[in-house]
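The values are calculated or read from the model by the stated rules, or taken from the named source; none is laboratory data. Because the structure is a prediction, the values reported are computed rather than measured. Ideal geometry is used to build each Cβ from the backbone, glycine not excepted, and the neighbour counts take in all protein chains shown.
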Amino acid sequence: MLTNRSFMRIDATRYRIIGPVNRTVAFATTRLLCHQIRGIGEICFETGAALMKIANLAIADVKLITPTIHRDARGFFSETYSQKALADAGIAAVFVQDNHSLSRHKGVVRGLHFQIAPRAQGKLVRAARGAILDVAVDIRFGSPTYGQHVTAVLSAENWAQLWVPAGFAHGFCTLEDDTEVQYKVTDYYAPECDRGILWNDPELGIAWPVQAEQAVLSDKDRKQPRLADMPAAFAYDG
């Protein structure tokens with residue numbers, strides 16, 4: 001209720017509610033505050049007992065998502081996905097499949113992959129074990145950031161996730177041995193729509209943490225075409 005505002009204090013650096021308020025009021029007020037600060041590029045959402053931090057990267061459609069981990073003597077608990085928190089941040093994604101990969105060695109590169117319409121995929125990526133450099137390349141023809149990319153380190157330690165929407169090619173390089181990556185996708189795997197871009201296309205300028213002669217790749221990924229040699233797969237709609 002509005003009368004409870006007199007008992008609240010807002011921490012402006014974290015956008016959290018502190019004080020003797022009931023949980024329902026705290027949740028509602030946090031949602032209101034998050035809507036008010038949406039334009040600043042970094043948003044915190046209260047989702048039940050967990051705090052989920054969602055930040056825009058240099059290409060704003062790609063977002064870095066960091067759930068809170070609650071630790072105690074038993075171990076930890078974390079709410080790793082919240083449809084409501086993502087929707088409040090403008091990510092209206094419905095996931096239909098979860099994928100899980102294991103890369104035995106540091107320097108494994110998977111990518112750059114995407115699916116074309118009508119089976120284009122958005123991906124929510126996380127490292128459940130080990131660490132990766134995760135990469136998203138804008139391949140929306142006509143986009144002001146076409147051919148540009150953003151990167152983020154995702155690890156079991158930092159617990160970060162990357163939202164990669166349709167219209168982006170995605171790939172990663174493992175930074176540790178025995179790295180496990182899990183990701184949600186918004187459409188099922190469709191071999192007839194499966195496409196890729198050469199991971200080290202020089203026009204992309206990606207600073208991979210491994211040299212080409214040391215990278216561990218599939219035969220398929222070694223032979224992917226350069227972006228300039230591919231037909232436009234997606235159109236930028238503003």
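Taking the criterion of being in a strand (DSSP E or B), of a type in the set (D, E, K, R) and out of contact with any His (no Cβ under 9 Å at 6 or more places or on another chain), the residues of the stretch 111-148 that qualify are R126, R129, R140. Residues of the stretch 172-188 being among the β-branched types (V, I, T) and either buried (at least 23 other Cβ atoms within 10 Å of the Cβ) or part of a strand (DSSP E or B) (or both), which ones? Once the filter is applied, which keeps residues that are among the β-branched types (V, I, T) and either buried (at least 23 other Cβ atoms within 10 Å of the Cβ) or part of a strand (DSSP E or B) (or both), the stretch 172-188 yields T174, T179, V181, V185. Restrict the check to the stretch 153-160 and report whether at least one residue is under 18 Å from Q211 (Cα atoms), assigned by TED's automatic domain parsing to the domain that holds A228 and touching a residue at least 24 places away in the same chain (Cβ under 8 Å). The answer is no, given that none of the residues of the stretch 153-160 is under 18 Å from Q211 (Cα atoms), assigned by TED's automatic domain parsing to the domain that holds A228 and touching a residue at least 24 places away in the same chain (Cβ under 8 Å). Scanning the stretch 93-106 for residues that are in contact with a Lys or Arg (Cβ under 9 Å, 6 or more places away or on another chain) and loosely packed, with under 12 Cβ neighbours inside 10 Å, which turns out nearest to T186 (Cα to Cα)? It comes out as V96.
Which residue is nearest to the chain's Cα centre (by Cα), if the candidates are limited to the stretch 69-92 and must be of a type in the set (A, V, I, L, M, F, W, C), assigned to a loop (DSSP other than H, G, I, E, B) and surrounded by fewer than 17 Cβ atoms within 10 Å (Cβ to Cβ)? Among residues in the stretch 69-92 that are of a type in the set (A, V, I, L, M, F, W, C), assigned to a loop (DSSP other than H, G, I, E, B) and surrounded by fewer than 17 Cβ atoms within 10 Å (Cβ to Cβ), the one nearest to the chain's Cα centre (by Cα) is A92.
Of all positions in the stretch 57-74, none carries a residue that is modelled with pLDDT of 95 or more, assigned by TED's automatic domain parsing to the domain that holds E176 and acidic (D, E). Within the stretch 139-161, being closer than 21 Å to L198 by Cα and of a type in the set (D, E, K, R) holds for one residue alone: R140. Entry remark, the stretch 114-130: residues being surrounded by fewer than 20 Cβ atoms within 10 Å (Cβ to Cβ) and either of a type in the set (F, W, Y) or out of contact with any helix residue (DSSP H, G or I) (no Cβ under 8 Å at 6 or more places or on another chain) (or both) number 2 in total. Applying the criterion of being over 11 Å from the mean Cα position of the chain (by Cα) and in a strand (DSSP E or B) to the residues of the stretch 149-169, the residue that is surrounded by the fewest Cβ atoms within 10 Å (Cβ to Cβ) is S155.
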